[in-house]
Amino acid sequence: MTLWLTLAVNSIALGGLLFLLSAGFSLIFGLMRIPNLMHGSFFMLGAYFGVTLLDNRIGMNFWAAALVSALAMAVIGGLVERFLLRRLNGQELPQVLLTLGLSFIIADVCLMIWTGDPWQPPTPDHLRGVLQVAGVYFPYFRLVIVLVAVVIAVALWLMVDWTRLGAMIRAGVDDAPIARVVGIKVSQLFTLVFALGAALAAFGGVIGAPYLSVYPGLDAEMLPLALIVVILGGTGSLLGALVGSFLIGFLYNFGQAMFPDLAYVILFLPMLLVLVLRPQGLFGRVMT
Amino acid sequence: MSRKLSRRTFMAGTAAAGAAATTFNFPAPAIAQGAPFKIGLLTVKTGPLAQGGIQMEQGLSVFLKEKNNTLGGRKIELIVADTGGNPAGAKTKAQEVIERDKVNVILGPLAAFELLAITDYVRDNKTPLLSIAAAEDVTQRKANPFVIRPSATSAQCCHVMGDYASKDLKYKRAATISEDFAFGYEQMSGFQRVFEDNGGKVVKKLWPPLVTPDYTPYIAQIKDVDCVFNGFAGSNPVKFMRAYADLGLKAKIPLLSGWTAMDDALLRSVGDEAIGVLSAAWYSADGPTASNKRFVAAMAKEFNVLPGGYSAGMYVAGQCVEAAIQKLGGKSDDRVALAEALHAVSLADTPRGPVKFDKLGNVIGDVFIRKVEKKDGKLVNTIVKRYPSVSQFWTYQEAAFLAQPVYGRDAPPAKNLEQ
């Protein structure tokens, strides 16, 4: 019984982290049709920025470090979109190659700067400790991750569904040429959304660092998870990303506990089924 | 027009880079008597395994600097090749250093699957190789006269931990957890065999995939045991230990580990949750020998790090090469004689203590039980017990040991598993 409770709470925490990672990926793919294979790199680079700011030499507050890292990543993401991806508008294969190439470059640069040693910032003091309920341990920090993810999910939802900016993004997702015709500056939107996606991934990277730690190869571990979530949930759909994240969080935790030998099968099988039976994803709309 | 220009600039750039690489690859001829003795280091400088690979190169460079780049009167030329941490890369680079650079000896590679990809090749080309990779069979059922291992087999230290846990700590029930690949199987099986032969029971064996973002689902299944033995490697121990502490198990169930999971070089990456963890290792920065004091001081001075097994392994390998050159004198260019001389090396003072080899080419050396403690605000491994001259066969008879299948996921079978 305690095992299941622990797993359930942990599933939700992992789901929260996955949402931060995949929300940006989903928006970028939905709006710009760019399969951004450097999204895992944003996550890792953001996490590296974060651990550097948290290091004793700088000693920044945990949340401040997460925000600064997210801002830095937003700038980098914006520059990549404005000066590189912009030139490849609509050409998927070059986009895939460009983002994949950049992810390799980022991985090697990180290796040069931060060496191959794993970095793991301590859990922030005020969030350390565990909540013990009925013999089950819930680390506070993971509960906080869920909380943060929910707050960001609500904020994103409000932005997309209730603001003018959101309406423009939705218009761009639905039909970019028509949006242009009615005077929406879609190219500016692209830069903005790309920067936002990068920032969210970096923020997730810093928040996740105390328990995932940061090390070479983290990017390649996170990218497939973002892909699965977005394929399951449906591209361009925030609700899809949210549901997909928690779904994967649960599948991952319970799958590994119950059928440890089939860990990857359990993770990827639902994705295959969705691809075959409902290619647009659980919450995606059919693209025209 | 602009596209054309940018392509030309790009070409100029690549040409410049190529030129730079060329000069880098051909060092000025060494002004020494006779041709230099060439050492090819197969290491990993890119990708997820780079952490250990960089440490290997640091350890060897500290050794060569200490020896003024001269071993047994011969000038050394070091050729460093980055395998990228995969078997194909290891094969390519092994061919490169053997056929193009004509090295006398190869040090490395890092990972077991890399070593397995080139053992036949180095035998066919009669080039001795001193590896740090742990795959058991390389010095057991598939031993090869050109492969010498001065570090340890996967299970060499785990046998010791099985003994220590059952006899000294009097633990009766253990759970094991390690990555779902050969290095994990071999470590866990070695522990299980000795632990159970001494009357203990391994009641749970957990195998997370090599890439596991969060270990909580596995750790949550551990209950009702006296200890948990883990064999994680690379950056995984850092994640594992944090999750172990987060779930409140650290205070309840003691954690034991193999050498990679609590390597000295890893200590600066882990937090206070590592305090108290016991590990069995063939090298400890805390070791008492004179050469180790020199080695640790030099690593601190050159690279500002506490050295672990990867660096020490290359330092010891360097010492073995030196001893073999000294013994052979003018004949050290004969690679077959070099391989034989390497098998016969016996050193009293290395950073890991005395070193000699069995006839299969694997080291017989000390294994330490260490405990992580905090001293002057830093985590260190303190030696609590030394097992002298441990062989890869532990206390088992060699013939009987080799008659069993190699350690695997279920070999020897675990008879005491509980749900």
Q | Of all residues making up segment B:372-410, the number that are aliphatic (A, V, I, L, M), surrounded by 11 or more Cβ atoms within 10 Å (Cβ to Cβ) and more than 19 Å from B:Arg149 (Cβ to Cβ) | A | 5
Q) Which of the residues spanning segment B:241-256 are farther than 19 Å from B:Phe191 by Cα, hydrophobic (A, V, I, L, M, F, W, C) and more than 10 Å from chain A (Cβ to nearest Cβ)? A) B:Ala251
Q.
So, B:Leu306, is that one surrounded by fewer than 24 Cβ atoms within 10 Å (Cβ to Cβ), within 14 Å of chain A (Cβ to nearest Cβ) and touching a strand residue (DSSP E or B) at 6+ places or on another chain (Cβ under 8 Å) or not?
A. yes
Q: With the checklist (1) touching an Asp or Glu at 6+ places or on another chain (Cβ under 8 Å); (2) crowded, with 19+ Cβ neighbours inside 10 Å in hand, flag the one item B:Asn198 doesn't pass.
A: (2)
Q) Any idea which of A:Ser26, A:Ser69 is surrounded by 23 or more Cβ atoms within 10 Å (Cβ to Cβ) and touching a Ser or Thr at 6+ places or on another chain (Cβ under 7 Å)? A) A:Ser26
Q) Within the bounds of segment B:150-158, is there any residue that is within 14 Å of chain A (Cβ to nearest Cβ), under 25 Å from B:Val384 (Cβ atoms) and not basic (Lys, Arg)? A) no
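How many of the residues making up segment A:136-150 are more than 21 Å from B:Ser235 (Cβ to Cβ) and more than 10 Å from every other protein chain (Cβ to nearest Cβ)?
Going residue by residue through segment A:136-150, those that are more than 21 Å from B:Ser235 (Cβ to Cβ) are A:136-138, A:140, A:143-144, A:146-150.
When the remaining residues are screened for being more than 10 Å from every other protein chain (Cβ to nearest Cβ), the result is A:143-144, A:146-150.
Total meeting the criteria: 7.
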Q: Find the strands (runs of 3 or more DSSP E) located wholly in segment B:30-132 whose residues include 3 or more that are under 17 Å from the mean Cα position of the chain (by Cα), and list them.
A: B:37-43
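Are any of the residues in segment B:287-306 within 15 Å of the chain's Cα centre (by Cα) and in contact (Cβ under 8 Å) with a residue 12 or more places away in the chain?
Residues of segment B:287-306 within 15 Å of the chain's Cα centre (by Cα): none.
So far as segment B:287-306 goes, no, none of its residues is within 15 Å of the chain's Cα centre (by Cα) and in contact (Cβ under 8 Å) with a residue 12 or more places away in the chain.
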Q | Matching entry among A:Ile113, A:Ile105, A:Ile76 (being among the hydrophobic types (A, V, I, L, M, F, W, C), within 30 Å of A:Leu192 (Cβ to Cβ), surrounded by 13 or more Cβ atoms within 10 Å (Cβ to Cβ) and modelled with pLDDT of 90 or more) | A | A:Ile76
Q.
Give me the residue from segment B:221-240 that is at the interface with another protein chain (Cβ under 9 Å from one of its Cβ atoms) and not in a helix (DSSP H, G or I) and, out of that set, surrounded by the fewest Cβ atoms within 10 Å (Cβ to Cβ).
A. B:Lys223
Q | Filter result for the condition that a residue is modelled with pLDDT under 90 and either in contact with an Asp or Glu (Cβ under 7 Å, 6 or more places away or on another chain) or closer than 18 Å to A:Leu192 by Cα (or both), over A:Arg57, A:Arg86, A:Arg82 | A | A:Arg86
**Q.** Boolean, B:Tyr218 is surrounded by fewer than 24 Cβ atoms within 10 Å (Cβ to Cβ), facing chain A (nearest Cβ under 10 Å) and assigned to a helix (DSSP H, G or I)
**A.** yes
Q. Does segment A:245-253 contain any residue that is more than 17 Å from the chain's Cα centre (by Cα), of a type in the set (Ser, Thr, Tyr) and within 11 Å of another protein chain (Cβ to nearest Cβ)?
A. no
Q: Select from segment B:160-184 the residues that are of a type in the set (A, V, I, L, M, F, W, C) and part of a loop (DSSP other than H, G, I, E, B) and write down the one among them that is farthest from the chain's Cα centre (by Cα).
A: B:Leu169
Q. Can you find a residue in segment A:125-134 that is among the hydrophobic types (A, V, I, L, M, F, W, C), over 14 Å from the mean Cα position of the chain (by Cα), within 14 Å of chain B (Cβ to nearest Cβ) and surrounded by 19 or more Cβ atoms within 10 Å (Cβ to Cβ)?
A. no
Q: Residues being more than 13 Å from chain A (Cβ to nearest Cβ) and in contact with a helix residue (DSSP H, G or I) (Cβ under 6 Å, 6 or more places away or on another chain): count how many of those fall in segment B:202-215.
A: 1
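Name the residue, out of B:Gly108, B:Gly53, B:Gly40, B:Gly84, that is crowded, with 24+ Cβ neighbours inside 10 Å, within 14 Å of chain A (Cβ to nearest Cβ) and either modelled with pLDDT of 90 or more or touching a Ser or Thr at 6+ places or on another chain (Cβ under 9 Å) (or both).
Result of the check over B:Gly108, B:Gly53, B:Gly40, B:Gly84: B:Gly53.
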Q. How about segment B:264-281: which of its residues are part of a helix (DSSP H, G or I), farther than 15 Å from B:Tyr310 by Cα and touching a Ser or Thr at 6+ places or on another chain (Cβ under 8 Å)?
A. B:Ser269
Q.
Can you go through B:Ala324, B:Ala344, B:Ala348, B:Ala300 and tell me which one is crowded, with 20+ Cβ neighbours inside 10 Å and either of a type in the set (Gly, Ala, Ser) or out of contact with any strand residue (DSSP E or B) (no Cβ under 8 Å at 6 or more places or on another chain) (or both)?
A. B:Ala324
Q) Do any helices (runs of 4 or more DSSP H) lying entirely in segment A:173-288 carry at least 1 residues that are more than 28 Å from B:Pro217 (Cα to Cα) and out of contact with any Pro (no Cβ under 6 Å at 6 or more places or on another chain), and which ones are they? A) A:176-181, A:186-212, A:263-277
Q) Which condition breaks for A:Met258 when tested against (1) within 11 Å of chain B (Cβ to nearest Cβ); (2) within 25 Å of A:Ala198 (Cα to Cα)? A) (2)
**Q.** Condition broken by A:Ala226, with the remaining ones in (1) more than 14 Å from chain B (Cβ to nearest Cβ); (2) crowded, with 21+ Cβ neighbours inside 10 Å satisfied
**A.** (1)
Q: Look at B:Asn104 and say whether it is without any contact (Cβ under 8 Å) to a residue 12 or more places away in the chain, in the same structural domain as B:Ala143 (by TED's automatic domain parsing) and touching an Asp or Glu at 6+ places or on another chain (Cβ under 9 Å).
A: no
Q. Listed residues B:Gly199, B:Gly190; which is away from every other protein chain (no Cβ under 14 Å), at pLDDT 95 or above and assigned to a loop (DSSP other than H, G, I, E, B)?
A. B:Gly199
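Kindly indicate whether A:Pro122 is within 12 Å of chain B (Cβ to nearest Cβ) and in contact with a Lys or Arg (Cβ under 9 Å, 6 or more places away or on another chain).
The answer is yes for A:Pro122.
Does B:Leu249 count as part of a helix (DSSP H, G or I), touching a strand residue (DSSP E or B) at 6+ places or on another chain (Cβ under 9 Å) and surrounded by fewer than 24 Cβ atoms within 10 Å (Cβ to Cβ)?
No.
The values are calculated or read from the model by the stated rules, or taken from the named source; none is laboratory data. The shown structure was predicted, so the numbers you read here are calculated from the model rather than taken from an experiment. Quick reminder, even Gly has a Cβ in these numbers, built from the backbone with ideal geometry, and neighbours come from all protein chains shown.
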